[in-house]
Amino acid sequence: YRLVDGKRNLLGRSNVSDTYKWQIITSAPWGTITLICKFQGFTDESDPITYTATYETEPVDPPIPVIQRPVSGTVQPLPLYISGTKEFANATVEILFDLGNNTPLGSVDVTGRNWTVKVPVLPAGPVSLVAEQVKNGVRSGRSAAHTYKIPPPTLSRISATRINATTIRFSGTGYFDERLETQVQLRSIGVPVPPPTTVQKNGTWETDAAWPFGMHQIEAVQKISDNANGWIDSAEYRFTINHVLPVPSDVAFTRDYQPTFSGKGLTGARVSLYEADRETLIATDAPVNNDLWTTKAIKVWGPSYQREVHIRQYFGSQAPSQWHVLTVSIP
């Protein structure tokens, strides 16, 4: 006869006789088990019988569990699933910080031959975790520690602002830890990237980069120290920026009969002012210095009512900015 469990795993064999018994030859789960008897080499089986297996003397203390997966020392994203053996029927397996208190980071009630605990939240960086089994208030003692490297969160919502003709300022929020430095690294193909920048205590970061006009695909990675002269990288955050020459802003005029115009622009650029036909200049071109420009109308206008001035910014061989339309009324 062959004795198998409900999944047809062999548990024991016995020679045929009027009565027969089995010595279980593999480790069976302690608790409810389904058994099936059959002749070896034949397909017919007995009806399944379910019973509760017990030890002749039930252990008093739960055994110390053993963590099997994931492998210690590996990078693991959240949520973290930890599994192992040495289960104890009707006990609870808890995952704890090594050298920490008994506050569980995750737990599971033992129901089968193995156990798996989901740990949803952990600090970024290196962590050392243990497993412990509890039943009726009796604790097994802690397992051997396993260390894991937890990546920081993926970055999002990065701002990119051109602060002058050659430079873009990237900024955003990141992960901050009092114990471990966290940095942000930008990457792109074909352009010089800035060095890594550190996330500040308030969770913000910024960095300036010499960035040409145009459309660029950028990757941003947040990385935290692994406390061993290395880094643990987050998943990549990809975004696109399309920086064209900005439109002149904060444009104003004086209410003189020969008005003076002023505004903000990009240092190193020039600003041109046209009639509504966008061909006839109404003032000399204004160079932008320290992000400011000013110029005076070529001719005396006299009183004017809702006269349109079309303004545009130019920088080297770059495509010009979009138009800014200013309506001028002079009493």
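The values are calculated or read from the model by the stated rules, or taken from the named source; none is laboratory data. A quick note: this is a predicted structure, and the numbers were derived from the prediction, not measured. As a convention, Cβ positions derive from the backbone with ideal geometry for all residues, glycine included, and neighbour counts pool all protein chains shown. SASA here: full protein model, heavy atoms, side chains in, ligands and nucleic acids out. Shrake-Rupley method; radii C 1.70, N 1.55, O 1.52, S 1.80 Å.
Would you confirm whether any residue within the stretch 112-129 is β-branched (Val, Ile, Thr) and over 27 Å from the mean Cα position of the chain (by Cα)?
Let us first name the residues in the stretch 112-129 that are β-branched (Val, Ile, Thr), namely 116-117, 119, 121, 127.
Filter once more, keeping what is over 27 Å from the mean Cα position of the chain (by Cα): none.
Checking the stretch 112-129: not a single residue is β-branched (Val, Ile, Thr) and over 27 Å from the mean Cα position of the chain (by Cα).
Just checking, does the stretch 114-129 include any residue being over 30 Å from Ala235 (Cα atoms), assigned to a strand (DSSP E or B) and at pLDDT 95 or above? Show your work before the answer.
Within the stretch 114-129, the first condition is being over 30 Å from Ala235 (Cα atoms), and the residues that meet it are 114.
Okay, now just the ones that are also assigned to a strand (DSSP E or B), so none.
Scanning the stretch 114-129, I find no residue that is over 30 Å from Ala235 (Cα atoms), assigned to a strand (DSSP E or B) and at pLDDT 95 or above, so the answer is no.
Is it true that some residue in the stretch 136-147 is at pLDDT 95 or above, within 27 Å of the chain's Cα centre (by Cα) and not in a loop (DSSP other than H, G, I, E, B)?
Yes: the stretch 136-147 contains one or more residues that are at pLDDT 95 or above, within 27 Å of the chain's Cα centre (by Cα) and not in a loop (DSSP other than H, G, I, E, B).
Report whether or not Pro152 is modelled with pLDDT of 90 or more and under 29 Å from Pro104 (Cβ atoms). Lay out the reasoning, then the answer.
Working: modelled with pLDDT of 90 or more: yes; under 29 Å from Pro104 (Cβ atoms): yes.
Criteria met by Pro152.
Of the residues that sit in the stretch 208-262 and are basic (Lys, Arg) and touching a residue at least 60 places away in the same chain (Cβ under 8 Å), which one is surrounded by the fewest Cβ atoms within 10 Å (Cβ to Cβ)? Write out each step before concluding.
In the first step, residues of the stretch 208-262 are kept if they are basic (Lys, Arg); the result is 223, 238, 255.
Subset that is touching a residue at least 60 places away in the same chain (Cβ under 8 Å): 223, 255.
Numbers: Lys223: 21, Arg255: 12.
My answer is Arg255.
Of all residues in the stretch 84-113, which are crowded, with 18+ Cβ neighbours inside 10 Å, out of contact with any Ser or Thr (no Cβ under 9 Å at 6 or more places or on another chain) and part of a loop (DSSP other than H, G, I, E, B)?
If the condition is that a residue be crowded, with 18+ Cβ neighbours inside 10 Å, out of contact with any Ser or Thr (no Cβ under 9 Å at 6 or more places or on another chain) and part of a loop (DSSP other than H, G, I, E, B), then Leu105 is the only one that fits.
Would you confirm whether any residue within the stretch 291-313 is part of a loop (DSSP other than H, G, I, E, B), touching a Lys or Arg at 6+ places or on another chain (Cβ under 7 Å) and open to solvent by less than 20 Å² (accessible area, probe 1.4 Å)?
For the stretch 291-313, residues part of a loop (DSSP other than H, G, I, E, B), touching a Lys or Arg at 6+ places or on another chain (Cβ under 7 Å) and open to solvent by less than 20 Å² (accessible area, probe 1.4 Å): absent.
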